[in-house]
Amino acid sequence: MNYEGNIIRPPSEAHSIILQITVGCSHNKCTFCGAYKGVRFYIKDAASINDDIAFAARYCQNQKRVFLADGDALIIPTARLEEIFSSIRKNLPWVNRINLYGSTKNILRKTVGELKRLKELGLDRVYMGLESGHEPTLTNIKKGVNTEQMIQAAEMIRAAGIFLSVTVLLGIAGRAQSTLHASRTGRVLTKMKPNQIAALTLMVLKNTPLYNDIRTGCFHLPDQRMLLEELKILVKSISLERVQFQANHASNYLPITGRLAKDKKRILEIIEDGLNGRLHLKAEHQRAL
Ligand code: SF4
């Protein structure tokens with residue numbers, strides 16, 4: 001495969017064929033994100049993508065899913081995406097799902113009709129990063145979009161019949177706004193109605209503006225206890241009947257999975273056990289991105 005730079009994918013795509021159709025992220029401004037710092041964003045040319053599809057056709061016949069990297073494949077014009085999806089269907093007929101990261105701005109640039117067309121061609125799941133439903137936090141971290149836009153983009157993905165997975169980031173509001181971040185994020189998630197919620201915990205990377213904010217005393221990381229309180233408020237604030245909830249990423253101190261609303265009581269009990277020392281929390285050195 002013609003991979004360039006860091007290849008980032010969601011944990012659930014560990015067994016997918018990773019087809020890199022863009023390099024980097026067209027936004028690349030989020031203060032906590034070091035994934036593509038210093039990487040010039042561009043869309044890969046057809047020859048390079050076709051080479052990789054041909055490689056996958058020979059060597060990846062046991063992998064049933066494709067993940068389209070990097071940061072926001074939906075920036076590609078729909079007509080070109082349709083060509084790529086059609087080529088995947090033709091050359092990798094055993095692939096039954098195509099998944100990708102979708103940034104809010106680039107989802108909003110599409111129409112529901114275009115998203116439906118991509119769904120027909122195999123687009124199964126879009127991973128969106130909400131990070132926070134607290135408006136001042138979104139501004140501080142330079143996410144580049146507001147909660148209304150996030151909700152609108154989520155509605156479009158759902159209207160197209162595509163599975164929506166939304167990521168939020170515990171700790172991203174710092175200590176002072178921790179509680180508000182958790183409750184507002186729960187409220188926005190309720191409006192977004194995703195199929196899946198993934199709550200990750202902030203890990204500070206040295207190549208990010210956030211790292212400098214911490215060094216200069218402008219940002220104060222919540223401690224483990226505050227992060228668990230944040231998680232508790234978040235779970236309490238989500239009012240959805242049916243959503244997968246995962247806080248079992250390698251960055252989380254206390255691995256939790258379940259379905260809301262069915263498992264809400266059990267999840268809150270687990271968090272309480274973590275807060276009261278009845279459950280072991282992951283040591284700092286065991287956390288990873
Ligand atoms: S978090 Fe996502 S949108 Fe923000 S810079 Fe990183 S890849 Fe780009």
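Readers should treat all values here as calculations from the given coordinates under stated rules, not as data from a laboratory. The shown structure was predicted, so the numbers you read here are calculated from the model rather than taken from an experiment. Cβ: placed from backbone, ideal geometry, glycine included. Neighbour counts: every protein chain shown.
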task: For the range 1-157, give the share of DSSP beta bridges that are antiparallel, in percent and rounded to the nearest 5; count only bridges with both residues there.
output: 15
message: How would Tyr211, Tyr101 line up from fewest to most surrounding beta-carbon atoms within 10 angstrom?
response: Tyr211, Tyr101
query: Could the peptides 176-185, 277-286 be put in order, highest first, of the mean number of other beta-carbon atoms found within 10 Å of their residues?
result: 176-185, 277-286
- line: In whole percents, the bins of 5 Å from zero upward hold the Cα-Cα pairs of the range 11-286 as 1, 6, 12, 16, 17, 16, 13, 9, 6, 3, 1, 0
message: Below 8 Å between Cα atoms, with a sequence gap of 6+, how large is the relative contact order for the chain in percent?
response: 14
CD proxy at 222 nm, helix term only [per DSSP H run n ≥ 4: -39500 (n - 2.57); per residue of the chain; nearest 500]: -11500 deg cm²/dmol
message: Below 14 angstrom from the Cβ of Ala198, what's the summed charge of the other residues (Lys, Arg +1; Asp, Glu -1)?
response: +1
- request: Could you order peptides 196-202, 115-121 by the average number of other Cβ atoms within 10 Å of their residues, highest first?
  value: 196-202, 115-121
statement: GNM on the chain, Cα springs under 10 Å; top mean-square fluctuation among Ile21, Ile49, Ile172 goes to Ile49
field: Estimated inter-spin distance, Asn146 and Thr179, nm [label 7 Å along Cα→Cβ]
entry: 2.6
query: Counting Lys and Arg as +1 and Asp and Glu as -1, what is the net charge of the other residues whose Cβ lies under 15 Å from the Cβ of Val188?
result: +2
- prompt: Sorted from fewest to most neighbouring beta carbons within 10 Å, what does the list Tyr59, Tyr36 look like?
  reply: Tyr59, Tyr36
- request: Report the net charge of residues surrounding Gly113, where surrounding means a beta-carbon distance below 15 angstrom and charges are Lys +1, Arg +1, Asp -1, Glu -1.
  value: +2
- request: Please report Met156, Met226 as a ranked list, fewest other C-beta atoms within 10 angstrom at the top and most at the bottom.
  value: Met226, Met156
query: Given Phe41, Pro11, Ile157, which one lies farthest toward the positive end of the charge dipole of the chain, if we put +1 on the Cβ of every Lys and Arg and -1 on the Cβ of every Asp and Glu?
result: Ile157
message: Quick check for me: using +1 on Lys/Arg Cβ and -1 on Asp/Glu Cβ, what's the dipole size of the chain about its Cα centre, in debye to the nearest 20?
response: 420
